[in-house]
Amino acid sequence: MITVLLFAHLQEVVGKEKIILDHAPTTVRELKHQLQTRFGFEKLDQMMFAINEEYAVDEDLIKEHDTIAIIPPVSGG
Amino acid sequence: MITVLLFAHLQEVVGKEKIILDHAPTTVRELKHQLQTRFGFEKLDQMMFAINEEYAVDEDLIKEHDTIAIIPPVSGG
Amino acid sequence: MDEKLFLITKEPLNIEKIVNKVVRPEAGAVTTFIGTVREFTKGKRTLHLEYDAYIPMAEKQLSRIGKEISEKWPDAKTAISHRIGRLDISDIAVIIAVSTPHRKDAYKANEYAIERIKQIVPIWKKEHWEDGEMWIGDQLETTQYPKGHPEKEEVE
Amino acid sequence: MDEKLFLITKEPLNIEKIVNKVVRPEAGAVTTFIGTVREFTKGKRTLHLEYDAYIPMAEKQLSRIGKEISEKWPDAKTAISHRIGRLDISDIAVIIAVSTPHRKDAYKANEYAIERIKQIVPIWKKEHWEDGEMWIGDQLETTQYPKGHPEKEEVE
């Protein structure tokens, strides 16, 4: 099981703060693929991803119980 | 009559906040000369001068009742 | 809680308090950057803003910026607080305070901090205008993250 | 009195108050420079400082710096307060606050202000050390005023 956190417009579009997936995808790339095909997420190429609060690249591995965050382009400051 | 204001170490060396001169020298250059010869001021070339709160050059004219300030290199900030 | 050098908070920000976190006998200069809510952006009037953040990660990223600054300017000490939630015009969104022994470094390190905040800290701003609202992305408008992540030198 | 944008005062300086003089709906960025009394300068320990000023002229010169900034950065608003009298370690000697619509200008204009203060504002610092005291002159150590006055471009 993994948790996928949503923020900003993604949170509003999906209507949830997080998505729980029963089975951990093997990599960030595989997670993106699932989000696109199963949940219809768009423009994931413009998002950053974090695993357990650290930025991750497509090749990074996802483990059971990891917390993934989808991070749209930031606009703080 | 003119007033010559002293600050910082000059004030301490001379032991006064100002000097009153009965007769106004004609220019800043002439004032410097008087300060050197009559009062023994040293290193006046390293000082700036102001007439009525504005920086002045050697050629600037001094009028009756003007307030002159001798301004050592500044060190604010 | 608010003694943290790197803080995301829903409370109004106090400049004095944040400056005091970096004032030290060996530092003669403190620069601060105070980001306030601007009413007009490119002619469009903002009514108010809303900030969201991935709080624990945002605080980690702020503290990483502090570490980067200490590597580049070893004598610098940095404190950053960012407010989230609803903010009105002229409210303070972010305060960056950097103290250094000498002033030039304090300016440079401070400017470095705000640039990095706009690159790597997971905080998002929603503009509320008279005719609508929108989450704002990628203010710098220079990066598109074609690979879905910031370049190596940006995240390392 | 202390609503003045350009002020020489014997009272302790309040950052919030000075920042508030320049916060405006059209400005999104405020930078401040806070000069504090440093304990060690080139290995020598300062016990406390004393500042003297030619007050009316110093305020005029500060306000001229504000004018110069408005000429270089037309959207900037500047406030500067400098404290005089006795100051202890970490006390605030000077606060410069500059607000601008965009941040880069706020840094540049602020740094311009502190450089100009060190050139043209008649304020003097006396260092008190364990083994003596001295009025400090010409901190920049770059100009000698061989003609007894700053160069034209410095005073115009």
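The values are calculated or read from the model by the stated rules, or taken from the named source; none is laboratory data. Fair warning: this is a prediction, and the values are worked out from it, not measured in the lab. Don't worry about glycine lacking a Cβ; one is built from the backbone with ideal geometry, like all the others, and counts go over all protein chains shown. These accessible areas exclude ligands, DNA and RNA; they are computed on the full protein's heavy atoms, side chains included. Shrake-Rupley method; radii C 1.70, N 1.55, O 1.52, S 1.80 Å.
Would you pick out the residues in region A:37-52 that are crowded, with 18+ Cβ neighbours inside 10 Å and within 20 Å of A:Met1 (Cα to Cα)? Correct list: A:Phe41, A:Phe49, A:Ala50, A:Ile51.
Can you tell me which residue is nearest to A:Phe7 (Cα to Cα) among those in region A:61-70 that are outside any strand (DSSP E or B) and open to solvent by 60 Å² or more (accessible area, probe 1.4 Å)?
My answer is A:His65.
Only one of the numbered conditions (1) modelled with pLDDT of 95 or more; (2) among the basic types (Lys, Arg); (3) not in a loop (DSSP other than H, G, I, E, B) is not met by B:Arg38, and that is (1). The set of residues in region A:28-51 being among the β-branched types (Val, Ile, Thr) and either within 11 Å of another protein chain (Cβ to nearest Cβ) or in contact with a His (Cβ under 9 Å, 6 or more places away or on another chain) (or both) consists of A:Val28, A:Ile51.
Of the residues making up region C:84-122, just one is under 18 Å from C:Lys67 (Cβ atoms) and among the aromatic types (Phe, Trp, Tyr), namely C:Tyr112. No other residue among D:Asp75, D:Asp88, D:Asp52 is in contact with a helix residue (DSSP H, G or I) (Cβ under 6 Å, 6 or more places away or on another chain) and among the acidic types (Asp, Glu) apart from D:Asp52.
Can you find a residue that is more than 29 Å from B:His9 (Cα to Cα), outside any loop (DSSP other than H, G, I, E, B) and in contact (Cβ under 8 Å) with a residue 40 or more places away in the chain anywhere in region D:50-69?
Yes: region D:50-69 contains one or more residues that are more than 29 Å from B:His9 (Cα to Cα), outside any loop (DSSP other than H, G, I, E, B) and in contact (Cβ under 8 Å) with a residue 40 or more places away in the chain.
In region C:75-89 there is at least one residue matching the filter, namely being touching a His at 6+ places or on another chain (Cβ under 8 Å), within 30 Å of C:His128 (Cβ to Cβ) and open to solvent by less than 20 Å² (accessible area, probe 1.4 Å). Remark: D:Glu11 matches the filter, which requires a residue to be within 19 Å of the chain's Cα centre (by Cα), more than 10 Å from every other protein chain (Cβ to nearest Cβ) and not hydroxyl-bearing (Ser, Thr, Tyr). Considered as a group, the residues in region B:9-34 that are among the aliphatic types (A, V, I, L, M) and modelled with pLDDT under 95 include one that is most open to solvent (accessible area, probe 1.4 Å), and that residue is B:Val13.
Scanning region B:1-18 for residues that are away from chain D (no Cβ under 14 Å) and under 11 Å from the mean Cα position of the chain (by Cα) yields a single hit, B:Ile2. Looking only at residues in region D:1-51 that are more than 23 Å from C:Pro101 (Cα to Cα) and touching a Phe, Trp or Tyr at 6+ places or on another chain (Cβ under 8 Å), which one is surrounded by the most Cβ atoms within 10 Å (Cβ to Cβ)? So, considering only residues that are more than 23 Å from C:Pro101 (Cα to Cα) and touching a Phe, Trp or Tyr at 6+ places or on another chain (Cβ under 8 Å), the one surrounded by the most Cβ atoms within 10 Å (Cβ to Cβ) is D:Ala29.
Is it fair to say B:Val74 is farther than 22 Å from D:Glu59 by Cβ and open to solvent by less than 60 Å² (accessible area, probe 1.4 Å)? Criteria not met by B:Val74. If you go through region D:25-75 and pick out every residue that is among the hydrophobic types (A, V, I, L, M, F, W, C) and within 14 Å of chain C (Cβ to nearest Cβ), you end up with 9.
Here's the yes/no breakdown for (1) within 13 Å of another protein chain (Cβ to nearest Cβ); (2) touching a residue at least 40 places away in the same chain (Cβ under 8 Å):
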{"site": "B:Ile20", "(1), (2)": "no, no"}
{"site": "B:Ala56", "(1), (2)": "yes, no"}
{"site": "B:Asp66", "(1), (2)": "no, yes"}
{"site": "B:Val74", "(1), (2)": "yes, no"}
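Just to be sure before I move on: is B:Leu31 touching a residue at least 12 places away in the same chain (Cβ under 8 Å), in contact with a Leu (Cβ under 7 Å, 6 or more places away or on another chain) and not polar (S, T, N, Q) in the structure I sent? Here the answer is no, as B:Leu31 does not meet what is asked.
Taking D:Ser99 as the residue in question, decide whether it is assigned to a loop (DSSP other than H, G, I, E, B) and small (Gly, Ala, Ser). The answer is no for D:Ser99.
For the structure I just gave you, tell me whether C:Lys77 is modelled with pLDDT under 95 and in contact with a strand residue (DSSP E or B) (Cβ under 8 Å, 6 or more places away or on another chain). So C:Lys77 does not fit the description; no.
Every listed requirement among (1) in contact with a helix residue (DSSP H, G or I) (Cβ under 7 Å, 6 or more places away or on another chain); (2) closer than 30 Å to C:Leu49 by Cα is met by D:Ala27 save one, (1). Filtering region B:13-35 to residues that are in a strand (DSSP E or B) and of a type in the set (Val, Ile, Thr) leaves B:Ile19, B:Ile20, B:Thr27.
Within region C:102-128, the set of residues being within 13 Å of chain A (Cβ to nearest Cβ) and either assigned to a strand (DSSP E or B) or at pLDDT below 95 (or both) comprises C:Ile123, C:Trp124, C:Lys125, C:Lys126, C:Glu127.
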